[in-house]
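Have a look at the structure below before the remarks.
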Ligand SMILES: Nc1nc2c(ncn2[C@@H]2O[C@H](COP(=O)(O)OP(=O)(O)OP(=O)(O)O)[C@@H](O)[C@H]2O)c(=O)[nH]1
Ligand SMILES: [Mg+2]
């Protein structure tokens, strides 16, 4: 396990990603030779973990943590960050398994971290970035949510819900993960907010985000309403 000497780790949480996971891991390993890979699977009923286990048997850069049940994206990342810190990784990246985040951007994220930034965000909302494959409704939800969160939280980051990013170790060591309000998708907004408030150096670099073509979205109405509420709570309580 993680005896490669690499200092970069990509963490991908999975829930029912059997259509994506093998090809995704292959693409990441190929396009980012500097990186090791950790999947945090919440006992996906479709057998995602078994596929990862097979790959890990012959590929030392690939690791798997299995948790007993679906506990949310934020909680998966928290466990992953602890795993990374315990093993001495210097830079850690978050990525979804559904190919929305193109592995070709990984070297660019790394370059910015090496250049002195603490948190580098793959952003859909800066010049040169964008989204491919969303319908009007999804654009409205995402755009509206983004403007709302930016106004409520008063922070300059444009892609607040971004899930493709890289951290320097020091950020992971210092953010108060145990005090986070969110276990689910809002975790992404909360991470940006707390990192910004703590004064870390943050940069957004443009990415083209592609909607998933295989597997099912875990996004739902509850997540959206929870986000509206948590943004207010974060602003006034943290
Ligand atoms: N371990 C774990 N992974 C999760 C959980 N919820 C979502 N994921 C994974 O987190 C990543 C992002 O989830 P997605 O369903 O793609 O969410 P999204 O990107 O906001 O929305 P869509 O792309 O439209 O589906 C994917 O790799 C999911 O498999 C969870 O509760 N536990
Ligand atoms: Mg997705």
Looking only at segment 161-189, how many residues end up being farther than 26 Å from residue 104 by Cα and away from ligand 2 (no atom under 16 Å from the Cβ)? 11
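Look at residue 40 and say whether it is free of Cβ contacts under 8 Å to residues at least 60 places away in the same chain, surrounded by 16 or more Cβ atoms within 10 Å (Cβ to Cβ), closer than 18 Å to residue 93 by Cα and touching a helix residue (DSSP H, G or I) at 6+ places or on another chain (Cβ under 6 Å).
yes
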Within segment 214-238, track down each residue that is within 16 Å of ligand 2 (Cβ to nearest atom) and part of a helix (DSSP H, G or I). 223, 224, 227
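Taking residue 154, is it within 13 Å of ligand 1 (Cβ to nearest atom) and over 21 Å from residue 205 (Cβ atoms)? Walk me through how you get there before you give the answer.
On the way: within 13 Å of ligand 1 (Cβ to nearest atom): no; over 21 Å from residue 205 (Cβ atoms): yes.
No.
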Kindly list, by first and then second residue, each pair from a residue in segment 203-223 that is closer than 20 Å to residue 105 by Cβ to a residue that is within 13 Å of ligand 1 (Cβ to nearest atom) and at pLDDT below 85, limited to pairs with Cβ atoms under 9 Å and residues at least 6 apart or on different chains. 211/217
Looking only at segment 43-54, and only at residues there that are surrounded by fewer than 19 Cβ atoms within 10 Å (Cβ to Cβ) and in contact (Cβ under 8 Å) with a residue 12 or more places away in the chain, the one that is nearest to the chain's Cα centre (by Cα): 43
Residues in segment 104-114: is at least one in a helix (DSSP H, G or I), under 15 Å from the mean Cα position of the chain (by Cα) and farther than 26 Å from residue 213 by Cβ? yes
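Are any residues in segment 122-138 free of Cβ contacts under 8 Å to residues at least 12 places away in the same chain and either part of a loop (DSSP other than H, G, I, E, B) or closer than 18 Å to residue 156 by Cα (or both), and if so, which ones? Reasoning before the result, please.
So the first thing to find is which residues in segment 122-138 are free of Cβ contacts under 8 Å to residues at least 12 places away in the same chain, and the list is 135-137.
Scanning segment 122-138 gives a single hit, 135.
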All-but-one check, residue 204 against (1) in a helix (DSSP H, G or I); (2) away from ligand 1 (no atom under 13 Å from the Cβ); (3) within 17 Å of the chain's Cα centre (by Cα), failing number (1)
Which of the residues spanning segment 84-121 are buried (at least 21 other Cβ atoms within 10 Å of the Cβ) and without any contact (Cβ under 8 Å) to a residue 60 or more places away in the chain? 113
Residue under evaluation residue 231, criteria (1) more than 29 Å from residue 7 (Cβ to Cβ); (2) surrounded by fewer than 17 Cβ atoms within 10 Å (Cβ to Cβ); (3) away from ligand 1 (no atom under 16 Å from the Cβ), criterion not met: (2)
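Filter segment 101-113 for residues that are more than 16 Å from ligand 2 (Cβ to nearest atom) and either closer than 21 Å to residue 157 by Cβ or at pLDDT below 95 (or both) and give the result.
106, 108, 109, 110, 111, 112, 113
The values are calculated or read from the model by the stated rules, or taken from the named source; none is laboratory data. Quantities reported herein were computed from a predicted structural model and do not represent experimental measurements. Neighbour counts are summed over all protein chains in view; Cβ atoms, including those assigned to glycine, are modelled from backbone coordinates with ideal geometry.
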